[in-house]
Structure formats: structure tokens, C-alpha cells
Amino acid sequence: MLNVNGTARAVDVDGETPVLWVLRDVLGMTGTKFGCGMGLCGACTVHVDGQAVRSCITPVESVDGKAIATVESLATNAVGRALQQAWTELDVVQCGYCQSGQLMSAAALLAENKAPSDVQIDEAMSGNICRCATYPRIRAGIHRAAALLTASTSKVAA
């Protein structure tokens with residue numbers, strides 16, 4: 001039994017099957033992308049118990065009983081909504097293929113650090129490759145999302 005985006009999902013697959021293929025081929029959730037198949041490009045990034053992991057090299061048996069979050073779940077939390085708003089406002093996306101992985105890595109970063117520096121962003125995002133080289137826009141998007149989160153926190157506190 002897998003817990004994907006807060007829903008228990010029964011799957012009948014070999015335990016060594018990568019989470020990516022369970023999500024895409026078995027559950028029909030195509031937001032998580034296949035890039036390299038070796039965990040090097042980041043296109044397949046999902047969260048497992050809040051940590052960004054490469055689903056193309058993560059066997060499904062290793063996530064049993066853990067919470068898996070995919071890009072489809074971003075709108076369900078403040079960090080995800082802030083990232084979506086920032087990405088739209090700043091027109092971060094070019095071709096878009098890598099963006100689900102970029103967003104999931106950025107969400108993991110902002111969940112831990114609401115005001116990351118450029119160095120911290122670069123470190124957190126270093127495993128995500130963008131063929132279109134939108135790295136400056138991705139960094140700006142993360143900073144914008146952080147500002148949106150800070151503004152929403154300030155409104156709640158007031």
C-alpha cells in the first residue's frame with residue numbers, strides 16, 4: 001500500500017520497481033517526469049516523508065508506509081501555492097519539462113528554510129538540470145515564493 005498525496009493506493013508491482021514507473025504507469029500520474037533514469041537530472045523528483053528524492057532510482061519497496069507527495073499535490077499547501085504563484089508571475093518556465101522536479105526540489109527547500117540565500121538555493125537545486133538554462137528565473141522564483149510566504153505569515157500574525 002502506498003500513500004500518495006494523502007491517499008492510500010494499492011499497487012501490485014515488483015518491490016524493485018522504481019516509484020516513478022508506479023506513479024506514471026500504474027497510477028496514471030504523469031506530472032512526475034522521466035529524464036535520465038539514473039537520478040542525475042532531477043526531473044523525477046518527488047517528496048518522501050518531506051524529503052526530495054529521485055523517484056527513478058527509488059524502489060517502491062523502500063517507500064512502503066511513507067508519505068509520497070508529487071507535483072500534483074503542490075496546490076494543497078502554502079509552500080506549493082506560493083511557488084505556483086511565483087512561477088506564473090515571473091514566467092519561470094520555458095519548455096517546462098523539468099519544472100515538476102524543479103518545483104518539488106524548491107518546495108522541499110522552502111519547507112525547511114523560508115528565506116534561503118542564493119547559495120542555499122543553488123545547493124538545494126544543484127541536482128536539477130534545466131535544458132533551457134532558466135536557472136536565474138528559477139532562483140528568482142524561489143525568492144519570490146519565499147517573499148509570498150513571509151507576507152502571508154505576516155498577515156496571519158497581524
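Just so you know, all these numbers are worked out from the coordinates, no wet-lab data involved. Computed from a prediction, not measured in an experiment: that's the story for all the values here. Positions of Cβ are generated from backbone atoms using ideal geometry, with glycine treated the same way; all protein chains shown enter the neighbour counts.
Which FRET efficiency value, to the nearest 0.05, do you get for ALA67 and SER152 by plugging their Cβ-Cβ distance into 1/(1 + (r/R0)^6) with R0 = 30 Å? The partial results should precede the final answer.
Details: r = 24 Å, r/R0 = 0.79.
So, using R0 = 30 Å, E works out to roughly 0.80.
State whether segment 103-158 is rounded, prolate or oblate according to the following rule on the C-alpha gyration tensor (a ≥ b ≥ c being the square roots of its eigenvalues): a/c under 1.5 gives rounded; otherwise a/b larger than b/c gives prolate, and the remaining case gives oblate. Could the numbers behind the result be given before it?
On the way: a/c = 2.66, a/b = 2.13, b/c = 1.24.
It is prolate, given that a/c is not under 1.5 and a/b is the larger ratio.
Pop a pseudo-label 7 angstrom from the Cα along the beta-carbon direction at both VAL26 and GLN120 and give the gap in nm to one decimal.
Output for this residue pair reads 3.6 nm.
Please identify the helices of the chain, taking whole runs of DSSP H, that span at least 15 Å along their own axis as judged from the Cα atoms and have a mean Kyte-Doolittle score of -0.5 or higher. Please report the intermediate quantities before stating the final value.
Working: long enough: 78-89 (16 Å, -0.30); 99-112 (20 Å, 0.57); 135-157 (33 Å, 0.20).
Result, helices passing both filters: 78-89, 99-112, 135-157.
Quick one: which residues, 5 or more positions from THR17 or on another chain, have an amide H under 5 Å from its amide H? H modelled 1.01 Å from N in the peptide plane, none for Pro or chain starts.
Counting only residues 5 or more places away or on other chains, the set is VAL60, GLU61.
What distance in nm separates the simple spin-label points at ARG81 and MET38, each placed 7 Å from Cα in the Cβ direction?
With each label placed 7 Å out from Cα toward Cβ, I get 4.1 nm.
Counting other C-beta atoms within 10 Å, which of ILE57, ILE142, ILE121 has the fewest, and how do the rest follow? Intermediate results must be reported in sequence, preceding the final value.
Numbers: ILE57 15, ILE142 29, ILE121 23.
Ranking ILE57, ILE142, ILE121 by Cβ neighbours within 10 Å, fewest first, gives ILE57, ILE121, ILE142.
Set Lys and Arg Cβ to +1 and Asp and Glu Cβ to -1, take the dipole of segment 74-157 about its Cα centre, and tell me which of ALA82, THR134, ALA124 lies farthest positive.
The residue sitting farthest along the positive end of the dipole is ALA82.
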